[in-house]
Structure formats: structure tokens, C-alpha cells
Amino acid sequence: MLEPVSAVTIQLGLAALYSLARPGSAVSREAQVVQQVANDAVNSVERSWALFGRKASAISELSALANECAHEGWDGGDARPIDPQAVSKAIAFMRALPDSLPLPEMTAEPDGAVSLDWIRSRNRLLSVSIGAGDRLVFAWLDGSDRGHGVARFVEGVVPARIVDGIAAIMDVRDAAVRAA
Amino acid sequence: MLPSGLPEVVADDEPLARFLMSSSQFNALMVKPAAYMPSAKDGNTSVFRHGAEPRESLLEIAGTHVVGERTLHGVAICTAQQVRASELNVVAQEPPPRHANITGWPVVANDPEQTKAQQKERALLIAQHAVLVRVPR
């Protein structure tokens, strides 16, 4: 049976890894290999922590938004409460976003959907609406260029049109990004 | 003339106030497009024919007709001309006094997602021009 791993255990393990990865301590060929492996492991752990922390913070923000907009008329008019299924899909969408892309800002929409926004400037932005269904609605403004579209979000894969759109709006190079 | 004393036709240069009840509806740069999306119930976006000033009367409208027990976080101001340039319209709709609706949002028959995608693009067009008035808390 699996047992929970305590933070102390993890920290001890990491301390050992850091010790192995320390430069200049390897002499033999075998020791150099061990040092390289430890280095790779440390880099991987640090990268995962940075990404997980970033996405965890965005997901926590989304949960707060869901609470704020959980009641009918949250906008002072007749807005529908934010849809819990839309929130779940928005979380799945953010988890599936390629690591090289910035995370969005988020807000609720009057129909209960979640709006994820990448805003570079007033006239350079892309907005994705996530409702309870699998079809994502998006629109963008890029100077005098503008447009809209609908794409399917299935099996945790962010549609390429949206990935490319975010990369273009946010000036992210190397956007032939792998799905997280 | 309407009961509020305003003309029935909303002039192009009239400012329109959209009350923002969530701080997530704007950021340091701009009012987000979602703030202008139409209601799922009547298909319109509710605004009031008022500019950023006088601030007291703007906040009085919000307090009397919109806010209730909620918190007003900001007000988005655009002009009727900016709405019309986005291929939408503004129509006076009283009561309450000074109330108007942004109307003419596109609808694609039997395709709610395409409908919303087109509406979202129009909302982006308005939002890029909107001026944010922050409400001190």
C-alpha cells in the first residue's frame, strides 16, 4: 500500500540530490555520470515546482472567482451564476496549456462561462470563453486585424489555433509548444 | 423626450456607463471584453447614459439601480459612437431613468457557439476604447 510522503522526507531527498549535483565534487567517470543525472533531476524538480506553483496560483484565483460569481445577478443585472462545469473545464484547459505560454487573466461572463484573457495591450488581446460544453469560443484583436472562432477542447489538448493565437498575441517565440 | 429629460435617440457623442461589480472585469490596462457581453436572458447589454463626471451622480445611479448589496468596483465608460462603430446599436430603455441597452448583437441560427464568438469579437471592439473609472473602497 502507498504511504504518504512527508515534506521532511522530500526535503531530505532533495538535499541528497543537491549534494550529488554540486559541481566540482565528481572525479571518476561514474561519479560524473551520477552528478549529471542528479543535475538533470534537480533541474526537472525545480522546473516542475515553478510551473506547478504558477498554475496552482491561477487555479486558486479561478476558484476565488467562482465563489465571487456563484449567485444569480452577480453583475448587478441578470447574469447567471458561474457554471461549475465551466470552472472544471477552465482548470483542465489551464493545466493543458503548453508550459511556454503565459497564463491568462480570468473573469466570469453573464451566461455563466469563464473568460480567459491574454492581454498584451488594449488592441492586442485574445479572449477564450469556456462553458460547460466541449466547444471553446474565442476572439482576438491584433491592431487592425481581428477575428473569432470556435474550436473543440477534447482529451486535454488545447486546440492548435488557440495555442498559436496566444503565442502570436503575447509574442511568445518557440510556440511549437508541447502540451503540458 | 423621455421621463429623465433625455432625448429618445441616444446621440453618438453620449457617454455610456457600464457598472462593474467584480474586480476581475478589468485590469490595470483596460476593461475586459466580458464586461460588455450581452445578457443571456434578454440578449442586450445594460448601460446608463452618463459619463465619468459628475462622479456623485454616477455613483448615485449605481447605488439606486444596480449595486444593491453588492460592491461596485469600477465603471466602464465608452461612447455611443464607439458602440455603433462595433456594428451594434444603443437604444434608450427607461425606466430606470437614463437607462439604455446595447442592442443588435449578432445571432447565428442554431449555433450558440458561433453566435457567442461573433458577440465576443464585438465586445473586444468596444472594450478596447472603454475608459475605466475606479471606485475607491
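The values are calculated or read from the model by the stated rules, or taken from the named source; none is laboratory data. Predicted model only: the values in this text are computed from it and were never measured. With ideal geometry, Cβ positions are generated from the backbone for all residues, glycine too; neighbour counts draw on all protein chains shown.
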Filter result for A:D117 (touching a Lys or Arg at 6+ places or on another chain (Cβ under 6 Å) and either at pLDDT 95 or above or over 20 Å from A:V163 (Cα atoms) (or both)): yes
Answer from B:V107, B:V133 - the residue that is away from chain A (no Cβ under 11 Å) and either closer than 17 Å to A:G73 by Cα or part of a loop (DSSP other than H, G, I, E, B) (or both): B:V107
Selection status of A:A66, closer than 26 Å to B:N44 by Cβ, in a loop (DSSP other than H, G, I, E, B) and within 14 Å of chain B (Cβ to nearest Cβ): no
Residues (polar (S, T, N, Q), over 13 Å from B:A100 (Cβ atoms) and within 14 Å of the chain's Cα centre (by Cα)) located in the range B:23-56: B:Q25, B:S39
Test: residue in the range B:51-71 that is away from chain A (no Cβ under 11 Å) and closer than 22 Å to A:V137 by Cβ: no
Restricting the range B:110-130 to residues that are out of contact with any helix residue (DSSP H, G or I) (no Cβ under 8 Å at 6 or more places or on another chain) and part of a loop (DSSP other than H, G, I, E, B), the residue that is surrounded by the fewest Cβ atoms within 10 Å (Cβ to Cβ): B:N110
From A:R146, A:R95, residue being within 7 Å of chain B (Cβ to nearest Cβ), touching a helix residue (DSSP H, G or I) at 6+ places or on another chain (Cβ under 7 Å) and either assigned to a loop (DSSP other than H, G, I, E, B) or not polar (S, T, N, Q) (or both): A:R146
Test: A:A86 is more than 9 Å from chain B (Cβ to nearest Cβ), crowded, with 17+ Cβ neighbours inside 10 Å and either in a loop (DSSP other than H, G, I, E, B) or among the aliphatic types (A, V, I, L, M) (or both): yes
Selected residue (criterion: nearest to the chain's Cα centre (by Cα)) from residues of the range A:114-142 that are farther than 18 Å from A:L97 by Cα and among the aliphatic types (A, V, I, L, M): A:A132
